[in-house]
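Enquirer: This is the structure, below, for whatever I ask next.
The values are calculated or read from the model by the stated rules, or taken from the named source; none is laboratory data. Keep in mind that this is a model prediction, so the values were computed, not measured. Virtual Cβ from ideal backbone geometry, glycine too; neighbours counted across all protein chains shown.
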Amino acid sequence: MTTFRHNNEKFSCTTSRFLTPTFRRPGYREIIKINSLCDPEEIVCSKWSDEDENYYQLINTALLDDNYEVLKKHARFINSLRMAIKNNHSNEIIIVYRGLSIDSKQVNEEYKIGSQFLWPTFTSTSRNKDVADGFGDYIFEIHAAEHDWTYRSDISKYSACPEEEEVLFYPYSGFVVQNIIKDAKIIQ
């Protein structure tokens, strides 16, 4: 397995039925209405990728908890990052990966073939399976189609660790479970 300079939890996620909503939460809906200037994409994407600051952890925890006070305080950054992803959205067909800290029992209960869910966070994924492989018991293998209405952007050019080949998804991106390969611990 390839070793990367920075091992962090960006390519991992914890999940439960409480963290995979099927609707956008009220705090998030409020802050996306806030009109503010957007910072340039190279600034927000670089800040997102700066693992020393752990900014991604602060923002994603606030999104998971729908913590309106934290979301409001960081609305300019969140909306700038959303716009950077939207403006640089790639329609290319790609396969990306994200580690999942979950046991087999939870997979059986929460992820059924055909089930739909939203990840409320900015979702960091990697084009390189080895990057995500070290972060959990299961790997989400995400097949992003050409016109799937899910905004995503390759932000590796702004990263201090471009070898991680990071593709960042918009908050509340929707997914449908197509397949579960239990022996390989892969959810597609």
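Enquirer: Could you please find all residues in region 39-64 being surrounded by 17 or more Cβ atoms within 10 Å (Cβ to Cβ), closer than 21 Å to Arg25 by Cα and either modelled with pLDDT of 90 or more or aliphatic (A, V, I, L, M) (or both)?
Expert: Ile59, Asn60, Ala62, Leu63, Leu64
Enquirer: For region 63-103: of the residues being among the hydrophobic types (A, V, I, L, M, F, W, C) and assigned to a loop (DSSP other than H, G, I, E, B), which is farthest from Pro120 (Cα to Cα)?
Expert: Residue satisfying both the conditions and the ranking: Ile93.
Enquirer: Quick one: in region 91-116, of everything that is in contact with a Phe, Trp or Tyr (Cβ under 6 Å, 6 or more places away or on another chain) and modelled with pLDDT of 85 or more, which residue is surrounded by the fewest Cβ atoms within 10 Å (Cβ to Cβ)?
Expert: Gly99
Enquirer: May I pose another question? Which strands (runs of 3 or more DSSP E) sit wholly inside region 117-181 and have at least 2 residues that are under 23 Å from Ala84 (Cα atoms) and in contact with a helix residue (DSSP H, G or I) (Cβ under 8 Å, 6 or more places away or on another chain)?
Expert: By residue number, 123-126, 152-154, 166-169.
Enquirer: Could you list all residues from region 133-185 that are more than 19 Å from Trp48 (Cα to Cα) and in contact with a Leu (Cβ under 6 Å, 6 or more places away or on another chain)?
Expert: Hits for region 133-185 are Gly136, Tyr138, Phe140, Gly174.
Enquirer: Under 8 Å by Cβ, and 6 or more places apart or on different chains, what pairs join a residue from region 129-150 that is farther than 26 Å from Lys105 by Cβ with one that is in a strand (DSSP E or B) and of a type in the set (Lys, Arg)?
Expert: Going by the 8 Å Cβ cut-off, the qualifying pairs are Ala144/Arg152.
Enquirer: Is it true that Thr150 is among the hydroxyl-bearing types (Ser, Thr, Tyr) and modelled with pLDDT of 90 or more?
Expert: No, not satisfied.
Enquirer: Could you figure out which of (1) over 20 Å from Cys45 (Cβ atoms); (2) loosely packed, with under 15 Cβ neighbours inside 10 Å isn't true of Ala160?
Expert: Just one mismatch for Ala160, condition (1).
Enquirer: Something else now. So Asn108 fits all but one of (1) in contact with a helix residue (DSSP H, G or I) (Cβ under 7 Å, 6 or more places away or on another chain); (2) under 28 Å from Asp65 (Cβ atoms); what number is the exception?
Expert: Just one mismatch for Asn108, condition (1).
Enquirer: Pairs under 6 Å by beta carbon, first residue more than 28 Å from Ile32 (Cα to Cα) and without any contact (Cβ under 8 Å) to a residue 24 or more places away in the chain in region 158-187, partner crowded, with 17+ Cβ neighbours inside 10 Å and small (Gly, Ala, Ser), six or more apart or different chains?
Expert: If the second residue must be crowded, with 17+ Cβ neighbours inside 10 Å and small (Gly, Ala, Ser), the pairs left are Pro162/Ser156.
Enquirer: Would you please name the residue that is modelled with the lowest pLDDT, looking only at residues in region 1-38 that are assigned to a loop (DSSP other than H, G, I, E, B) and of a type in the set (A, V, I, L, M)?
Expert: Met1
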